[in-house]
Amino acid sequence: MSVPRTPLRLPEPHERDPLLRRFRDEVVKPEAEIDFVRAYIALEAFAHPEARADWAMARLDDVTQEALKWIDARPVPAARLSEVLFQNLGFLGDSAHTGDPENSFFSQVLTRRRGIPISLSVVFLEVARRTGVEAHGLGVPGHFIVRARGSGESDFTLLDPFYGGTPISVTECAARVAALSGGRLAFRPQHLTPVGPRYILTRILNNLKSGYAAKDHSAPAAAVVERLLVLDPTNATEWRNLALLRANLGERSRSLDAWERFLALAPPSDETELARKYAAGLADQLARAN
């Protein structure tokens, strides 16, 4: 039985899953209109359905007020705010458990005050916004830091929330990237360009995907891949990943859906020929079962 290269009408994953639909509703907007906290909390709903954006915002407001008690200067200096958050208020990089999904979930980071580079950077960015500090995330290779405006119009300060929130120079940042990657990754000037909400959410999801894959946890890994596909539905590789994960879970019909999407998007190759044969066999199994 052949598998059509272009499916007629396959249900979108979010049409089956209200939690996934909640995430889609937050990120389908133009990037400038995305409410990042709401999107981040919606992202984690598959693991923490009890998490609420209003609660997270209230916690961020509380943290902001805590931080301001430590800071006399106005306007608030970015480096001082970072020092207070990551040294005085106890937000720490959990270097011993970087693969723990809880370090990627915003509700848990706010509760435990532990996280990984990107989740701690989000804490800083949200508190900075509440205190009038202009700051942006930087997705450097293998790491994540913050760029905040300095005292002059063209000045900026680089801050590393995972390592105590300390200011670092561009040279130190390049050295840190090299050290963390064992020399495999290089820092380049373009990495000083701020990244937006979709990039940050994608990177958080990729961290989660790696963590779940390392533990062979197919169900949460599939939930993560579905969210990656909400952000980029044309990503053939992720459709293939979803097909394999759904097969691991014994969900043959949903696996076939994902294989058909992969075949509709991926250019012809040895891999697509194997996928086509596998999908045809899967379609035959489903036809016989019916």
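Nothing in this text is a laboratory measurement; each read-out follows from the coordinates by a stated rule. The shown structure was predicted, so the numbers you read here are calculated from the model rather than taken from an experiment. Note that each Cβ is placed from the backbone with ideal geometry, even for glycine, and that neighbours are counted across all protein chains shown.
Quick look at the values:
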{"read-out": "Nearest-0.05 FRET efficiency for LEU68 and GLU134, computed from C-beta distance (R0 22 Å)", "value": "0.85"}
{"read-out": "Taking LEU274, LEU263 and counting other C-beta atoms within 10 Å, the order from fewest to most", "value": "LEU274, LEU263"}
{"read-out": "Options GLY164, HIS217, LEU192, ranked by Cα towards positive dipole end of the chain, top entry (Cβ charges)", "value": "HIS217"}
{"read-out": "Net charge, THR111 excluded, C-beta distance under 10 Å - Lys, Arg +1, Asp, Glu -1", "value": "+3"}
{"read-out": "Charge dipole of the chain about the Cα centre (unit charges at C-beta), most positive-ward option of LEU286, ALA78, ALA179", "value": "LEU286"}
{"read-out": "Positive minus negative residues near VAL133 (Lys, Arg vs Asp, Glu; Cβ under 10 Å)", "value": "+3"}
{"read-out": "0 to 90° range, to nearest 10: angle between helix 236-248 axis and the chain longest Cα axis", "value": "70"}
{"read-out": "Antiparallel content of DSSP bridges confined to the stretch 34-195, in %, to 5", "value": "85"}
{"read-out": "Debye, to nearest 20: dipole size of the stretch 34-195, +1 on Lys, Arg Cβ, -1 on Asp, Glu Cβ", "value": "220"}
{"read-out": "Qualifying GluC sites (Glu not before Pro) for the stretch 97-193 [loop in DSSP, other Cβ within 10 Å: at most 14]", "value": "GLU134, GLU153"}
{"read-out": "Dipole magnitude of the chain about its Cα centre (Cβ charges: Lys, Arg +1; Asp, Glu -1), debye to nearest 20", "value": "380"}
{"read-out": "Three-way shape call for the stretch 34-195 based on the alpha-carbon gyration tensor, with the a/c threshold at 1.5", "value": "oblate"}
{"read-out": "Listed residue (LEU120, PRO30, SER107) projecting farthest to the positive dipole end of the stretch 10-132, Cβ model", "value": "LEU120"}
{"read-out": "Added length on full extension, which subtracts the Cα-Cα distance from 0.36 nm per residue, THR166 to ALA32", "value": "45.4 nm"}
{"read-out": "Cα shape, the stretch 211-290, gyration tensor, a/c 1.5 rule", "value": "oblate"}
